[in-house]
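The values are calculated or read from the model by the stated rules, or taken from the named source; none is laboratory data. Note that the structure is a prediction, hence the values are computed from the model and not measured. Here the Cβ positions follow ideal geometry from the backbone for every residue, glycine too, while neighbour counts run over all protein chains shown.
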Amino acid sequence: MAEGNTIAESDVERWREKLLAARDASRPRITVCGGTVCLALASGEVGAALEQALEQQGMHASVEMKTTGCPGLCDQGPLVTIYPQGIFYTKVKPEYCSEIISQTVKNGEIIEHLLYEDPLTGEKIIHITDVPFYKEQTRILLKDSGLIDPYKIEDYIAVGGFRALEKALTEMTPEQIIAEIKRSGLRGRGGGGFPTGVKWELCRTAPGDPKYIICNADEGNPGCFQDRGVIESNPHSLLEGMIIGAYAIGANEGFIYIRHEYPLVVKIIRQAILQARENNLLGENILGSGFNFDIEIQLGAGAYVCGEETALIASIEGRIGEPQARPPYPVTKGLWGKPTTINNVKTWAWIPPIINNGADWFTQIGTEKSKGTTIFSLVGKVKQPGLVEIPMGVTLRHLIERIGGGAPNGKKLIAAQTGGPSGGCIPESLWHLPVDYDSLREAGSIMGSGGMIIMDESICMVEMARYFLDFSKFESCGKCSACREGVRRMYEILDYITRGFGQEGDIELLEELGQAVKIGSLCGLGQTAPNPVLSTIRYFREQYEAHIRDKHCPAGVCKDLVSLDAVKEN
Amino acid sequence: MEIDISKVDAIIDKHSLEHRWLITNLLAIQDEFQYLPQDAIRHVAERMNIPILQVYQVAEFYKVFKLEPPGKHLVSVCRGTACHVRGSEALIERMGDLLKIAPSRTTKDKQFTLDVVNCLGCCALGRVIVIDDHFYVNVTPNEVESILDKYVSNGD
């Protein structure tokens, strides 16, 4: 592969220099968030109003406008930031735009009522870099979110994009790349936590050709949007990671499996692929290296179980998404029976920074067994919900109270739910635990792919378990009877309990059934579906007992069990 | 309903006739007709040489596919976890009461189809309702009626 290797001293580097030379860092720049949520809050209209105001005030030529991906502070949108100062405005409406141009952009004056208010202190904050929500994070994967335009590959190039690819293709052999990833200790970000380098090696050395790689972007977990956040803010980093991975594994074809419920993400990634092809970063003879690789998009059609890798493979093949027994694992027998590596969006996106900075840099972040950072969608009952990137090992309490700002309305927080319908609730008494794969598993939950829903005392844990089981019951593909029938039975018992028909022995029955479903199911969906029940029984048994014995719902949520003096307010 | 079968052919002809394109083709057909008309399904089965039973199996398995024509407006109420803990159940109930239909059904006058969806990724702003691609966020049950009113056509 290395012969006649004249790539790159280097194409990408020269391109970057040219781009940077043409840029004037002191030129005023306005960024507007164009992520799914901000667009839902009419950030498109805000962008148009800013353009119009610039035109009217004769500043169109001197100010650069940029629409960026999601910076993660979703409930404060639409977000507008004015550079070079980094003045940060929240909840911007089109009618404020003329003022923003005439006062802030022209004269550097601050418009008080648009500033972000620290939910902990009530202090108004001017600069984006001083916002505690951002200050407390370690943003590596999300480093460029809010700064670059996801529709422009040039923006990614300008911040160092595809440098890792160039390095991988010119200076490293596939074996060296795999060794580096293994040494970094990177574990799969989809929630399983399997060592990525080991997976790649198994796939590379597995007999059979061709080999395939797949990006799992089927973010079907309710309450999660971190993969959406990563792609919306920087789709090119995902592509770069996949190209490096394909080179290391020996694949020439890759797939991105993405849920159709994210139309904006699909549009952004399609555009990124086109631009990568136009610039010889995908396709034949990438950067003159002799390596060929291309990526296709496969849309998911609304089946949660397709997040499971064997079901996902079946779906790409055009069949119904029923999981298969493993082994054989996809690394030996995957797509069309060929060796296939499936990684989550964030796992792929981690590859470029690791190749750029080396495994030693990566191992310094995080804990002994869980390296790097992780991204959570922090939502539910917190003052400041949003997309948060923290090093592994940060305590839950720090994440929830310091970054999330704690309880929004004075009610006591009682649990953090991670891992969605596959995970469990971690009670407040255990929030001294560090966020990493193993601590969360020991606490009866899982890391999952990054959803974290904070719950306060107004939430009934039995009803929550019922909700998750309802979800799993609906999403079960029906192949294994333990999952198909067992989850349904568990749901029915929970439903009875929440309606006041609980009986002595129900808790024990749920525990027994839960174990049976776990053992008797082929795939992750069934194996983990009982977790929300088992973990809430473990930590909130008294709530179950109150429902069953006293026909009383302590949180006042279950309608049939609410006494008049406990009418709930929201 | 009569459909223009040449549109189905145009969709199929974009790719090879391999089985792997089945879901892609069905998605494109649904984009074209807003649902999967029987004739289109039969045509796909014939042209791709896949037993019609298998095509129906796929169409039934994946929740995005609709086998009946939907109403003029598509109402999606999110019941993802973040929306749920903020009380989306009450929204779903209110929407069902107002439209007088259960989730996944279409009103008699073919104006509205009600979908309850798992997560739209707007968790920080739950409770979320989407009507014809327009997002309504932080919706309270009391607001549901006035939101719906915007879509009730005059004279109905």
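Observations on the model:
- From A:Leu50, A:Leu54, A:Leu39, residue being closer than 23 Å to B:Gly126 by Cα and of a type outside the set (Gly, Ala, Ser): A:Leu39
- Unmet requirement for B:Ile101, which otherwise passes all of (1) of a type outside the set (S, T, N, Q); (2) part of a helix (DSSP H, G or I); (3) buried (at least 18 other Cβ atoms within 10 Å of the Cβ); (4) out of contact with any Pro (no Cβ under 8 Å at 6 or more places or on another chain): (2)
- Evaluation of A:Gly161 against (1) modelled with pLDDT of 95 or more; (2) surrounded by fewer than 19 Cβ atoms within 10 Å (Cβ to Cβ); (3) of a type outside the set (A, V, I, L, M); (4) assigned to a loop (DSSP other than H, G, I, E, B) (one fails), failing number: (2)
- One residue from B:Arg79, B:Arg42, B:Arg20, B:Arg47 being of a type in the set (Lys, Arg), at the interface with chain A (Cβ under 10 Å from one of its Cβ atoms) and farther than 30 Å from B:Phe135 by Cα: B:Arg20
- Within the stretch A:218-237, tally of residues that are farther than 20 Å from A:Glu308 by Cα and either among the polar types (S, T, N, Q) or more than 14 Å from chain B (Cβ to nearest Cβ) (or both): 5
- All positions within the stretch A:137-154 that are out of contact with any strand residue (DSSP E or B) (no Cβ under 8 Å at 6 or more places or on another chain) and of a type outside the set (Val, Ile, Thr): A:Lys143, A:Asp144, A:Lys152, A:Glu154
- The C-beta contact set for the stretch A:55-75 (first residue in contact (Cβ under 8 Å) with a residue 24 or more places away in the chain and of a type in the set (Asp, Glu), second residue surrounded by fewer than 24 Cβ atoms within 10 Å (Cβ to Cβ) and outside any strand (DSSP E or B), distance under 7 angstrom, 6+ apart or interchain) comprises A:Glu64/A:Arg27.
- Residue match in the stretch A:253-261 (condition: closer than 30 Å to A:Thr68 by Cβ and surrounded by fewer than 19 Cβ atoms within 10 Å (Cβ to Cβ)): yes
- Subset of the stretch B:50-76 (residues that are of a type in the set (Gly, Ala, Ser) and more than 14 Å from chain A (Cβ to nearest Cβ)): B:Gly71
- Of all residues in the stretch A:537-544, none satisfies being within 14 Å of chain B (Cβ to nearest Cβ) and polar (S, T, N, Q).
- Qualifying residue in the stretch A:519-526 (condition: over 27 Å from A:Gly190 (Cα atoms), assigned to a helix (DSSP H, G or I) and not charged (D, E, K, R)): no
- Output for the stretch A:217-250, where each listed residue is farther than 17 Å from A:Ile268 by Cβ and under 24 Å from the mean Cα position of the chain (by Cα): A:Gly220, A:Asn221, A:Pro222, A:Gly223, A:Cys224, A:Ile243, A:Ile244, A:Gly245, A:Ala246
- If you go through the stretch A:394-426 and pick out every residue that is touching a helix residue (DSSP H, G or I) at 6+ places or on another chain (Cβ under 9 Å), away from every other protein chain (no Cβ under 14 Å) and in a loop (DSSP other than H, G, I, E, B), you end up with 3.
- Exactly one residue out of A:Val46, A:Val105, A:Val12 is of a type in the set (A, V, I, L, M, F, W, C), part of a helix (DSSP H, G or I) and touching a Phe, Trp or Tyr at 6+ places or on another chain (Cβ under 6 Å): that is A:Val12.
- Residue count, the stretch A:344-389 (criterion: among the hydrophobic types (A, V, I, L, M, F, W, C) and touching a helix residue (DSSP H, G or I) at 6+ places or on another chain (Cβ under 6 Å)): 12
- Residues that are free of Cβ contacts under 8 Å to residues at least 60 places away in the same chain and over 26 Å from B:Leu120 (Cβ atoms) were ranked within the stretch A:239-252; the one that is surrounded by the most Cβ atoms within 10 Å (Cβ to Cβ) is A:Ala246.
- Residue in the stretch A:195-218 that is surrounded by the most Cβ atoms within 10 Å (Cβ to Cβ), counting only those that are assigned to a helix (DSSP H, G or I) and in contact with a strand residue (DSSP E or B) (Cβ under 9 Å, 6 or more places away or on another chain): A:Cys203
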